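Here is the structure we will look at.
The values are calculated or read from the model by the stated rules, or taken from the named source; none is laboratory data. This one's a predicted model, so the numbers in the text were calculated from it and none came from an experiment. So basically every Cβ, Gly included, is an ideal-geometry build from the backbone, and we count neighbours across all protein chains shown.
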Amino acid sequence: MGLRRITPLLVSLGGVLSDYITTRVGLGLGFYETHPQYHPVFGLLIFWGAITLLMLTLPKKRPWNISICGLALWSLLGAVNNILVIFGVFSGLVI
């Protein structure tokens, strides 16, 4: 498997890990997790499953490879949200 084929998996791994780290920081600051059953392994399995399915079914051409990498970048959305909550841009969960 070449670097082009493994890049989306590595990007999604980085996204899930950064989400987990920022979640732990937020919890340490007194915030609450809105999805208490969330576990980073489940998030990683979902992203890797979707990426693998797309890599197996889509043609091996450039536009499709870019779309697979785009899906992998979505794994960073949780970390971005957590950072915005920590910095006070979003209010976070109000109980």
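What to note about this one:
- Complete set of residues in segment 35-66 that are surrounded by 13 or more Cβ atoms within 10 Å (Cβ to Cβ) and in a loop (DSSP other than H, G, I, E, B): Tyr38, Leu58
- Filter result for Gly15 (crowded, with 18+ Cβ neighbours inside 10 Å, touching a helix residue (DSSP H, G or I) at 6+ places or on another chain (Cβ under 7 Å) and farther than 15 Å from Ser75 by Cα): no
- For Ala79: the one exception among (1) surrounded by 13 or more Cβ atoms within 10 Å (Cβ to Cβ); (2) hydrophobic (A, V, I, L, M, F, W, C); (3) over 16 Å from the mean Cα position of the chain (by Cα): (3)
- For segment 18-34, taking the residues that are surrounded by 13 or more Cβ atoms within 10 Å (Cβ to Cβ) and among the polar types (S, T, N, Q), the one that is modelled with the lowest pLDDT is identified as Thr23.
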